[in-house]
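This report concerns only the one structure given below.
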Amino acid sequence: MKVFVVGKGGVGKSTVCVALALILQSKDTMLVSLDPAHNISDIVKNHEVMLNFEIVEPDFEKELSIYLKKLTDEMKRESFRYLTVFNLENLLDVLRYSPGTEEHMLLENIKRYIDRRHVVFDTPPTGLFLKVLGLLDSSILWMEKLMELRQDILERKGIKEDPILTIIEKRLKEYVKLKNTLQNEAIFIGVTTEDRLSLKETERIFGFLRKKGYSVPLLVVNRAKEKKVYLEGIKHVFIPEYHDRNPFEISRKIHSLLKLEIQE
Amino acid sequence: MLFSTTVLIIIGLLIYVFFYHTYGKALERDVVRADDSNPTPAHRLYDGVDYVPAVNKWVLFGHHFASIAGAAPIVGPAIAMAWGFVPALLWIWFGNVFVGAVHDYLALSASMRHDGKSIQWIAGKLMSDRTGKIFEIFILFLLILVVAAFSAILGNIFHKQPAVPSASLFFIIDALIVGTMIYRLKINLSFSTIVGLLLLALSVFLGLKFPINLPYKIWLLFLLLYIVIASVMPVWILLQPRDYLNAYILWFGLFLGGIALLFVARKMVLPAFTSFSAPVINGKPSPFWPLIPLIIACGSLSGFHSLVGSGTTSKQIDKETDALLIGYGGMFTEGFLSTIVVVSIGAFGGMVLLNAGYNIFRDAHTFSLKYLPAIKGLGGPVGIFAKTYAEAVSRVFHLSKHFIVVFASLWVSAFALTTLDTTNRIARYVVSELAEPLKNKKHTLYSIFSNRWVASLIPATLGIWLAWGGAWQVIWPAFGGANQMLASIALLTATLWVYKELKVERKYTYFVLIPALFLWITVTIALLWYLIVAIPGFFSKGIAQAVILIVFVAGMLILNFLLIYDFKKAMND
Amino acid sequence: MTKPRFIDILRIFFKERAYSIYDSETLEKEKLFSFLLYGWMIGFPLPVTFLSLDTLPYAEKELKKLFLIIRDMDDVFGSTLGKFDID
């Protein structure tokens with residue numbers, strides 16, 4: 001099972017994530033934090049002995065540096081003459097801040113871990129996460145167009161082998177596969193509290209996800225004072241205030257509902 | 001036998017050879033001071049793409065010539081015959097030697113010394129920024145008038161010679177097939193070419209077999225449709241393959257005509273000289289000077305050549321001394337094409353017109369009055385050229401006369417159709433480029449003008465509309481005028497270049513200054529004449545059209561004065 | 001170097017003639033491709049994408065095309081018009 005937990009910051013997303021990981025726990029279960037402000041470790045540090053799943057909290061900064069370094073090395077290997085003219089070393093520093101880099105690193109991490117049998121993703125703040133999903137779609141479209149253009153050029157020039165086309169094709173394939181996996185195998189679970197802002201945001205995320213064709217079966221209402229259904233057609237789980245920080249209690253609550261969902 | 005085809009062709013060739021080696025060489029030596037130790041842009045800025053030295057100067061010569069030659073050097077001289085063939089020939093030869101070829105050669109050389117930048121760019125740098133803009137406006141006028149003039153000419157020949165439109169249609173299909181073979185299926189070029197040329201012959205044959213009879217205005221509507229559709233298609237579908245096959249037609253036609261007229265040895269039968277003021281433009285008595293450059297533009301002098309020369313050719317010149325052959329010699333070859341037109345009409349026009357029932361040869365005066373109305377019945381300038389050309393060629397090569405008539409008409413139509421296609425492609429760009437200043441002030445207006453379809457339909461519909469009345473005798477000179485104005489900018493720019501950057505001895509500056517001023521004065525007076533005398537007579541044919549022409553010509557005149565003002569200022573600086 | 005024969009000159013001429021406009025169009029497409037991927041390198045406000053970076057090591061030729069865009073920028077009009085014949 002591949003689960004994404006979405007919701008406004010501070011509503012208890014990470015705790016719900018741990019709860020889900022507890023339900024799914026096995027040798028092949030992983031909990032991945034996509035939120036740059038990692039806090040999974042804080043939540044589990046008292047219960048560590050009892051956990052039977054892997055926690056990954058990627059260091060995006062470091063990853064980016066590794067990625068850029070690999071790139072520079074590759075360029076040197078390919079004896080890129082223009083590098084020197086361009087002073088690309090300096091340029092690479094700028095890349096780190098270029099728009100889209102953060103989203104891209106997130107997408108890369110989703111891609112890296114999505115093929116686990118069980119994986120739970122703790123998502124970054126809503127705006128950023130929606131951008132990441134949007135990036136996936138637009139990247140696919142963009143790459144398709146670029147590929148067309150490239151193929152036309154190569155065909156005109158009678159060139160058969162082209163490293164650039166190979167890269168575009170490979171990337172496109174990966175992204176299409178990722179998109180398919182997200183649409184067909186992953187589920188998105190929402191977490192919200194009863195306050196207006198949080199509900200509003202949940203509504204927005206669910207609307208977006210449904211429009212994109214993702215499956216959104218479950219909403220966890222945290223610190224619930226009443227059992228009120230906020231979104232039509234979605235199962236609700238109500239977690240009373242006194243349980244909101246206890247992943248074991250939450251997992252118990254969700255367990256039966258989720259089982260149903262898996263069977264479906 | 002002074003005036004026989006053989007003699008005139010030989011005289012023409014001798015003049016070209018003689019002046020190439022004297023006047024041309026003098027330009028090269030004293031004005032441009034070509035020196036092979038200066039590396040050309042092709043070497044200095046070599047990029048393997050645009051800047052590549054040509055494998056051989058004759059190859060580049062061929063490309064340059066194929067680009068500058070089109071339908072216009074055939075049409076203009078055919079009209080100018082109304083003044084008599086001697087004035088026409090004199091303007092072709094001497095206009096060519098002292099103005100046209102100088103213009104082409106200097107534009108090419110100036111570009112060669114400015115990193116292959118276009119003459120428009122150089123004009124902006126040497127004269128004023130405004131000059132670059134004026135250049136663009138002239139081009140827009142020119143593009144619209146090209147559509148008008150060529151559509152009128154095409155409509156006329158299509159209407160009167162029903163085999164020609166169907167041959168053109170089959171030739172389009174031929175081009176489509178060849179294009180698919182070469183660029184999509186990647187079939188061997190030689191094989192595709194052989195297929196293309198066989199299909200070309202078949203097109204002429206099928207044209208004769210299945211003529212299409214439609215009235216003039218219907219053809220104009222078809223042309224409008226064609227312009228709009230053709231110009232949005234990828235170039236490999238029609239534009240490129242037809243342009244490629246056109247090159248064969250051009251060289252083959254030139255070769256065939258040259259040989260035929262050299263060996264046919266016929267006397268010239270049309271009047272050598274009719275009247276200084278033959279009624280050429282719109283039936284008004286039209287003084288040979290200053291109006292001749294409006295009629296024979298390409299073939300003697302054409303402003304477009306500065307663009308071809310400076311846009312692409314200059315980036316491929318291997319050695320500085322190659323430029324004379326390509327620029328100066330290329331223009332002579334086009335002049336030779338016009339010579340063939342004049343000589344073939346002059347020698348066989350009598351027979352062709354008589355056979356068609358036009359007995360207009362009582363005296364030179366009658367001829368000058370009735371020549372243009374008569375050729376209208378034969379399909380206009382293209383019709384008379386094709387028929388006389390066929391007489392000459394069929395005599396020497398024993399080919400079917402009907403076949404050659406259609407071949408020659410197809411030759412001109414194919415070039416004209418290609419021009420209509422490219423014109424619209426360029427016009428789209430020019431319109432949106434000129435609309436640029438509106439971008440911030442009047443955004444809606446700007447987005448309308450920069451819309452692909454609007455930008456494309458403006459010149460196309462305006463052009464076709466101007467042609468609607470069928471008066472190519474009126475529109476042709478306006479096209480010629482715009483073209484000559486463009487040449488005038490290029491020559492003035494060249495003068496500035498010679499004077500300020502090359503700093504040649506003062507007496508050598510006159511090589512360029514005199515033709516530049518001569519041209520400017522001539523065309524300015526000619527346009528004034530056209531505005532005052534010719535256009536008012538056009539009101540009866542169509543008020544709106546006449547108004548558009550007035551706007552164009554008046555606009556050109558105003559820009560013209562701005563231009564000479566800027567030129568003078570730049571000279572004095 | 002031996003003088004090329006007449007027939008060779010003809011062959012080269014017609015071969016080049018067959019591809020002149022087509023090749024210019026291809027070049028424009030290549031420029032466009034380079035621009036879309038690496039336009040940020042020559043000062044266009046396009047985001048740097050992972051694809052730009054991934055392909056960069058193999059993009060020497062593409063970057064050359066990028067320079068052509070800069071080079072021709074001040075004279076687009078002339079070099080465009082020169083490629084077609086009008087009269």
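The values are calculated or read from the model by the stated rules, or taken from the named source; none is laboratory data. Owing to the predicted nature of the structure, the values given are computational and were not obtained by experimental measurement. Cβ placement follows ideal geometry from the backbone for every residue including glycine, while neighbour counts extend to all protein chains displayed.
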Hey, does the range B:550-566 have a residue that's of a type in the set (D, E, K, R) and part of a loop (DSSP other than H, G, I, E, B)?
no
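Does the range C:42-61 contain any residue that is part of a helix (DSSP H, G or I), under 30 Å from B:Ile237 (Cβ atoms) and either touching a Phe, Trp or Tyr at 6+ places or on another chain (Cβ under 8 Å) or facing another protein chain (nearest Cβ under 7 Å) (or both)? Spell out the reasoning first.
Step one: filter the range C:42-61 for residues part of a helix (DSSP H, G or I), giving C:42, C:50-58, C:60-61.
Those left that are additionally under 30 Å from B:Ile237 (Cβ atoms): C:61.
Those left that are additionally either touching a Phe, Trp or Tyr at 6+ places or on another chain (Cβ under 8 Å) or facing another protein chain (nearest Cβ under 7 Å) (or both): none.
No, the range C:42-61 contains no residue that is part of a helix (DSSP H, G or I), under 30 Å from B:Ile237 (Cβ atoms) and either touching a Phe, Trp or Tyr at 6+ places or on another chain (Cβ under 8 Å) or facing another protein chain (nearest Cβ under 7 Å) (or both).
Just a yes or no: is a residue in the range A:171-193 without any contact (Cβ under 8 Å) to a residue 12 or more places away in the chain, under 19 Å from A:Phe238 (Cβ atoms) and of a type in the set (D, E, K, R)?
Taking the range A:171-193 and keeping what is without any contact (Cβ under 8 Å) to a residue 12 or more places away in the chain, we get A:173, A:177, A:180, A:184.
With the extra rule that they be under 19 Å from A:Phe238 (Cβ atoms), the set shrinks to none.
Checked the range A:171-193: no residue is without any contact (Cβ under 8 Å) to a residue 12 or more places away in the chain, under 19 Å from A:Phe238 (Cβ atoms) and of a type in the set (D, E, K, R).
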Condition set in contact (Cβ under 8 Å) with a residue 12 or more places away in the chain, assigned to a helix (DSSP H, G or I) and of a type in the set (Val, Ile, Thr), scope the range B:197-231, selection nearest to the other protein chains (Cβ to nearest Cβ): answer is B:Ile227
Kindly indicate the residue of the range B:232-257 that is over 20 Å from B:Ile182 (Cα atoms) and crowded, with 19+ Cβ neighbours inside 10 Å and also farthest from the other protein chains (Cβ to nearest Cβ) among those meeting that condition.
B:Gly257
Would you mention how many residues in the range B:40-50 are surrounded by fewer than 21 Cβ atoms within 10 Å (Cβ to Cβ) and either within 19 Å of C:Tyr22 (Cβ to Cβ) or among the β-branched types (Val, Ile, Thr) (or both)?
3
Would you call B:Ala123 more than 20 Å from B:Ile340 (Cβ to Cβ) and either crowded, with 23+ Cβ neighbours inside 10 Å or within 14 Å of another protein chain (Cβ to nearest Cβ) (or both)?
yes
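For a quick check of your reading: which helices (runs of 4 or more DSSP H) sit entirely within the range B:442-529 and have at least 3 residues that are among the small types (Gly, Ala, Ser) and in contact (Cβ under 8 Å) with a residue 40 or more places away in the chain?
Details: elements: B:443-449, B:452-467, B:472-496, B:506-529.
Hits in the range B:442-529: B:452-467, B:472-496.
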Considering every residue within the range A:236-246, establish whether at least one is at pLDDT 85 or above and surrounded by fewer than 15 Cβ atoms within 10 Å (Cβ to Cβ).
no
Search result, residues across the range A:223-238 that are of a type in the set (A, V, I, L, M, F, W, C) and without any contact (Cβ under 8 Å) to a residue 24 or more places away in the chain:
A:Val229, A:Val237, A:Phe238
Are any residues in the range C:15-40 without any contact (Cβ under 8 Å) to a residue 24 or more places away in the chain and within 7 Å of chain B (Cβ to nearest Cβ), and if so, which ones?
C:Lys15, C:Glu16, C:Arg17, C:Ala18, C:Tyr22, C:Glu25
Do you know which of the residues in the range B:110-120 that are within 21 Å of B:Val504 (Cβ to Cβ) and in a helix (DSSP H, G or I) is farthest from the other protein chains (Cβ to nearest Cβ)?
B:Arg113
Is at least one residue of the range B:145-154 out of contact with any Phe, Trp or Tyr (no Cβ under 9 Å at 6 or more places or on another chain), away from chain C (no Cβ under 14 Å) and not aromatic (Phe, Trp, Tyr)?
no
Residue ID - modelled with the lowest pLDDT, chosen from residues in the range B:284-320 that are surrounded by fewer than 24 Cβ atoms within 10 Å (Cβ to Cβ) and under 20 Å from B:Leu145 (Cβ atoms):
B:Lys284
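Give B:Thr6, B:Thr22 a once-over and let me know the one that is part of a helix (DSSP H, G or I), free of Cβ contacts under 8 Å to residues at least 40 places away in the same chain and either touching a strand residue (DSSP E or B) at 6+ places or on another chain (Cβ under 7 Å) or polar (S, T, N, Q) (or both). I'd like the intermediate steps shown before the answer.
Values: B:Thr6 fails: free of Cβ contacts under 8 Å to residues at least 40 places away in the same chain.
Among B:Thr6, B:Thr22, only B:Thr22 is part of a helix (DSSP H, G or I), free of Cβ contacts under 8 Å to residues at least 40 places away in the same chain and either touching a strand residue (DSSP E or B) at 6+ places or on another chain (Cβ under 7 Å) or polar (S, T, N, Q) (or both).
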Are any of the residues in the range C:66-84 more than 7 Å from chain B (Cβ to nearest Cβ), among the small types (Gly, Ala, Ser) and surrounded by 16 or more Cβ atoms within 10 Å (Cβ to Cβ)?
no
Taking the range C:1-60 and keeping only residues that are of a type in the set (Asp, Glu) and under 23 Å from B:Ala54 (Cα atoms), one is left with C:Asp8, C:Glu16, C:Asp23, C:Glu25, C:Glu28, C:Glu30
Taking the range A:120-163 as the search range and keeping residues that are more than 14 Å from chain C (Cβ to nearest Cβ) and among the aliphatic types (A, V, I, L, M), which one is nearest to B:Ile187 (Cα to Cα)?
A:Leu133
Taking first residues from the range B:366-379 that are on the phi > 0 side of the Ramachandran plot and second residues anywhere that are at pLDDT 90 or above and hydroxyl-bearing (Ser, Thr, Tyr), the pairs with Cβ under 9 Å that are 6 or more apart or on different chains are B:Gly379/B:Ser409
